[in-house]
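*Asks:* What follows is a single structure, and I will ask about it in a moment.
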Amino acid sequence: MNKQIKWLSYWASITGLVFQLIAFLPLQPLKTTIDLINYSSYLSPGINLSFIRNSLFEYRNSDNPFVANYFLLAFYFVMLVGAMLYAKSKGKEKRLLAFSFSIIALFKAFSILVIIISYIKYFAMYSGASHAIFALNLLVAAGWTFIAHHALKLLLANTEVMKSTNDSALSLLIYQKASLNQRFIHHILDLIMSILMFSGALVAIFREELSGLASLAGERTVIYLIIFVSRFIYLIMFEGLLGISPAKLLTSSIVINENGSSIGFKAAFLRTLSRHIPLEAFSFFGDNGWHDTISKTMVVKTNSEGFSATRFLWFIPAFIAMGICGYVGHELYDDYKSYKYQEGKHEDKISAIQRKLTNLNTSYLIKFEDVESSYFSSPAYYLKVEEVKDDVISASILFIENPYQYKNSELEALYLKNKAFSDSIMLNKSLLAEAMTLKYDDYKKGDRRGIDLFKDGKRYEIEKIYRLFAPAIEDKGTGGMGNGTLSLRMCNYGWPCDLVEIENIEGDMIWENQLPQRLETTNYDSFGSFRLEASNVTRGKNYAFIFTVQDSLGNRYRYQVKGLNMERKCQVVEEILVD
């Protein structure tokens, strides 16, 4: 057993798994931590397996900037199992490791070409630091190409073609050919691996050219072209250089000329080209496939000192079980995150309602919904507070059939239009406190509280309390963060106003907004939304600030924002009204 191979395979597989699993952690790392992890990842093979688009079969977390690739998780797991089998068999079982190192070697060799082409193609976009990163990427790709190729040579050093005699008297030697089932496995697995290894890189490099071709010949033609080129590169390089492919390594097979010599690039080219002859796949129902006959080659068995091939069958249920467990676990984790997010939103809504009920005045409009009605289609009753005296509230009743299409300014207009004809109601403030489902679990299960507001047997619950005849700033939860900057998208659904002040509470943000900044009323097409823009922001550190808006009457409204990265909460903390 070669100890170099053993420890190198452990290192490559474990580091590869670690840098993939980081994406699943609930991290919100600092920029320095992100840079450290990114540069540390050069210590792993750093290959990329994707199907046409890199975004497919990836796991992304809005908080965690790292991305996991499910194909790579499976690949590094296979490599780790291969390392353990290699150690357990004392170096005899080499197939999984040979499979893994062959993929790393060719991918990193191809990466050198990709890096150089990208550098030439986008040279004008490179700055001083970018040139250094280009050199580092090139050096790392060359280093891993050498390491993986060296490991593969050691693993294949004692490979011999299996022969047997067909006539003991004549002692004629013949080669033991790979079975039809094995050839089918070669075809399917090599096709999949060629697409995973090269399609994503080809799309990334030639994105503009492929987009233009798609507009002329159609997207399906482009996909066929990508698959054709990926397979061409894959088979010519593997069979031309080594006479093998990753799939053939798993079945202990090799491609040789009919005279027993190693094939070269010419034979590999003919084999690959003839594979695309129509109906070529059916030629295997004869003695040889057409791509064997045309290129005068054959696929034969090599010696294998490892475990019987049938013992690898346990990988199939193991991988299926691992995939099911991974999928179920991932879905459960996503469900849990979604639950906690919705629970937090519900708690924020209840907190905002309770805060406004405590300071209830004649500028508030209280929205009630029937707890038994559908969330999106139910009509709503609005109570416009007209008078607050001790614990008694007098309010006008406004009924709206489709409430979700109205914002603050439109609700004001509807109230003023119908005020003279509206019915009125009197109720106690203490009763309003019961018109909320405090626990999210009860709300989700439909066990909502509500009050018999109109004595009609129906229960109504407070959905929201609007502040009328004033600015109404809402955080849309979107924006962007990167390179030390922060952009938070806000909307003003109430009166036009001016942003007059931004004051840091936590953090040393430098605000880029030119004050005073006019904030117009936002339409539903987002026209009129505005952004709070800051620099000197550190990813992974909490921030808090208060921004103040002022309306045309001189009233001021102070909003507090607390957050971490793009997750934040925004609420009114003070109203300074002019008498």
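*Asks:* Give me the distance in nm between label points sitting 7 Å out from Cα along the Cα-to-Cβ direction at Lys3 and Leu225, one decimal.
*Replies:* About 5.3 nm, to one decimal.
*Asks:* Dividing the Cα radius of gyration by the Kirkwood radius, what Rg/Rh value follows for the range 378-535?
*Replies:* Reported Rg/Rh, Kirkwood definition of Rh: 1.05.
*Asks:* So what is the calculated 222 nm ellipticity per residue for the chain, using -39500 (n - 2.57) for each DSSP H run with n of 4 or more, over all residues, to the nearest 500 deg cm²/dmol?
*Replies:* Helix contribution divided over all residues of the chain: -14500 deg cm²/dmol.
*Asks:* Roughly how many Å² is the accessible area per residue of the chain, as a whole number, for a 1.4 Å probe?
*Replies:* It amounts to 53 Å² per residue over the chain.
*Asks:* I've got another one for you. Where does the longest stretch of the chain lie that holds no chymotrypsin sites (Phe, Trp or Tyr not before Pro) found in a DSSP loop with 12 or fewer other Cβ atoms within 10 Å?
*Replies:* Within the chain, the longest run free of exposed chymotrypsin sites (Phe, Trp or Tyr not before Pro) spans 123-374.
*Asks:* Counting only trypsin sites (Lys or Arg not before Pro) that are in a DSSP loop and have at most 11 other C-beta atoms within 10 Å, tell me the longest site-free stretch of the chain.
*Replies:* 91-454
*Asks:* Another question about this same structure. Taking amide hydrogens as modeled 1.01 Å from N in the peptide plane, which residues meet the under 5 Å criterion relative to Glu512, leaving out close sequence neighbours?
*Replies:* So Glu512 has HN proximity to Glu533, Ala534, Ser535.
*Asks:* What lysines sit close enough to Lys88 to cross-link, taking a C-alpha to C-alpha distance under 21 Å and skipping anything fewer than 8 places away on the same chain?
*Replies:* Partners within reach: Lys3, Lys6, Lys153.
*Asks:* Note the angle between two axes, namely the Cα long axis of helix 70-88 and the longest principal axis of the Cα atoms of the chain, as a number of degrees from 0 to 90, rounded to the nearest 10.
*Replies:* The two axes meet at around 40 degrees.
*Asks:* Positive end of the charge dipole of the range 153-293 (Lys, Arg +1 and Asp, Glu -1 on Cβ, about the Cα centre): tell me which of Leu180, Val255, Leu242 has its Cα farthest that way.
*Replies:* Final value for the positive-end residue is Leu242.
*Asks:* If I fit a long axis through the Cα atoms of helix 3-21 and take the longest principal axis of the Cα atoms of the chain, what angle between them do I get, 0 to 90°, rounded to 10?
*Replies:* 20
*Asks:* Could you tell me what percent of the accessible area of the chain is made up of carbon and sulfur, with a 1.4 Å probe and every protein chain present?
*Replies:* 59
*Asks:* Gap in Å between the Cα centre of the range 443-476 and the Cα centre of the range 194-259?
*Replies:* 59
*Asks:* What FRET efficiency, computed as 1/(1 + (r/R0)^6) with R0 = 30 Å and r the Cβ-Cβ distance, is obtained for Tyr39 and Leu273, rounded to the nearest 0.05?
*Replies:* Approximately 0.10, to the nearest 0.05.
*Asks:* Another question, then. Over the chain, with a single point scatterer placed on each C-alpha, what log10 of the ratio I(q)/I(0) does the Debye formula yield at q = 0.05, 0.08, 0.12 1/Å?
*Replies:* -0.38, -0.76, -1.17
*Asks:* Mind checking the angle between helix 31-40 and the chain's longest principal axis? C-alpha axes, 0 to 90 degrees, to the nearest 10.
*Replies:* Result, in degrees: 10.
The values are calculated or read from the model by the stated rules, or taken from the named source; none is laboratory data. Only a predicted model underlies this, so the values are computations on that prediction, with no experimental measurement involved. For neighbour counting, all protein chains shown are included, and Cβ atoms are generated from backbone atoms with ideal geometry for every residue, glycine included. These accessible areas exclude ligands, DNA and RNA; they are computed on the full protein's heavy atoms, side chains included. Shrake-Rupley method; radii C 1.70, N 1.55, O 1.52, S 1.80 Å.
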